[in-house]
Amino acid sequence: MEDLLFGFSIALSANALLYCAFGVTMGTAIGVLPGIGSLAAVSMLLPVSFYLDPTHAIIMLAGVYYGAEYGGSTASILLNLPGTPSNAVTCLDGYPMAQQGRGGVALFTTTIASFLGGCTGILVLMFLTPAVIALSMKFGAAEYFAVILVGLLAAGTVTEGRPIKGLCMVVLGLLLGTVGSDISSGTVRYAFGSIHLYDGISLIALAMGLFGVSEVISSIRNSGGSRKVERVPFRSMVPTQEDVRRSRFPMLRGAGIGSVLGALPGTGPLLASFMSYLLEKRIAREPERFGKGAIEGIAGPESANNAAVQTAFVPTLSMGIPGSATTAVLLGAMMIHGINPGPRLMTEHPDLFWGVIASFWVGNLMLLVLNIPFIGVWVSILRVPYRLLYPGILCFICIGVFSVNYSVFDVFSVLVIGVIGYGLRLLDFHPAPLLIGFILGPMLEEYFRRAMLLARGDFMVILTRPISGTIMLIGLLLLLYAMWSSSRKRKAGAASSLDADPAD
């Protein structure tokens, strides 16, 4: 409690409150826009954080992250277009509720569910992170190598799409992370004679290209113009007693699911929201209501994804392993500020550790105020014509990436990477594992070298040490499960296609 009070003394300072308010407001505004998402929002605002104190920078970027998850449900309910990937499941019952004239009730329910899930996730983060740090203090180079490797496997196999494609993107990210000067020998690798690549590929250019420019291109292609959005008066947001009765327990169950799954490296809020929806549909007395406007179908998933957003910081702060793709960007931001996330973060930078955790409480209270009385403001953003909105976002991206190093090369890089990222999306290669591989790649290489030096080149030491060997076994089981699950889906798809067309 003393540490938490110390954190509140930082989080309640004038500057911290200002940057927290700015972060959650910008996150909500960008989350409302269909298809942009929290990852693109954090990537676009990453250059702004370089001019701030590290604690204030992480408070702001974290606010953008969970603020976008709050706001992402608005477009899902009113337009049937998910604001973030984890809000996609909200479309299944949120949009039918809007068509029935109950969009206001759906928006109110998602706000309360998000707040409850966020608070539950913060509690888990507060009590679980110090315990994980105490355990990780026993880790050596071999254990850290094993944890990072399993995190990369999880990032590649858990994301949507085929696991083999996710793993290919992880490998591509690892290769891109080797570009530049080697940290041990100083030898320049894969720069192809360009002095602009001596320090490696810019994290800002990569993140903003993959998740900013490519998202804008995809949104332009899929939208075509502005959409008609109905007004949501405040009186229409009041739920009935039946709504409260049906939604309270799904909120609690969703918060529990999100708190558990979010703390696992590489999973993120997307898996938590879908697992919550599947659970609610399975245990419902009337499962046929789902997909037709069941309030349980939005209460559980929204609570789950916001709880998972908070607990995704458990592996990020305690071990330096991103809990999701967005926390990978936050991990990179801390490294750029000269802060190494991991077991020593709580002792070396207690102001950042406890200040950020305390700011989560403040930010969630701010979002509760922002998303209920000011819902009309967020709905009006959806009326902005896309032909005006998206060019402005592209200009903001280019200005942001140029302001970091004042390099025209970085501007061209972000545009080229954006086009490549859009091409990868068309081929169903999700870019999130690439970014995680890019950030964790140098760390994986460093710990592997250190482990081999200590073991005099004997790789078996990673498999024979109790902790690292157990972690490697978990990674192997995860890989085998992903291969089995993918094979089962392919067989099910082939069987359904044969049933649909007996002539084949």
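Quick rundown of the values:
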quantity: Within the chain, longest stretch free of exposed GluC sites (Glu not before Pro) [DSSP loop, at most 16 other beta carbons within 10 Å]; calculated: 231-504
quantity: Cα-based Lys pair tally, the chain, threshold under 30 Å, eight or more apart or on separate chains; calculated: 9
quantity: Cα centroid separation, the range 95-151 to the range 160-211 (Å); calculated: 28 Å
quantity: Percent RCO, i.e. relative contact order, over the chain, from Cα pairs under 8 Å lying at least 6 residues apart; calculated: 27 percent
quantity: Lys/Arg +1, Asp/Glu -1 at C-beta; the chain dipole; positive extreme among Tyr390, Leu128, Ile339; calculated: Tyr390
quantity: Separation of alpha-carbon centers, the range 58-76 and the range 379-417, rounded to whole Å; calculated: 19 Å
quantity: Modelled FRET efficiency - R0 25 Å, Tyr190 with Ile336, Cβ distances, 0.05 increments; calculated: 0.70
quantity: Candidates per trypsin sites (Lys or Arg not before Pro) in the range 94-179, loop by DSSP, up to 11 other Cβ within 10 Å; calculated: Lys138
quantity: Cα gyration tensor category, rounded, prolate or oblate, for the range 309-401 with a/c compared to 1.5; calculated: oblate
quantity: Packing rank of 199-209, 304-314, 171-181, where each peptide gets the mean count of other beta carbons within 10 Å, highest leading; calculated: 304-314, 199-209, 171-181
quantity: All-pairs alpha carbon distance profile, the chain, 10 Å steps from 0, percent; calculated: 4, 19, 30, 28, 14, 4, 1, 0
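Values quoted throughout were computed directly from the atomic coordinates according to the rules given, and no laboratory measurement underlies them. Model, not experiment: these values are computed from the prediction. No Cβ is skipped: glycine too gets one built from the backbone with ideal geometry, and neighbour counts run over all protein chains shown.
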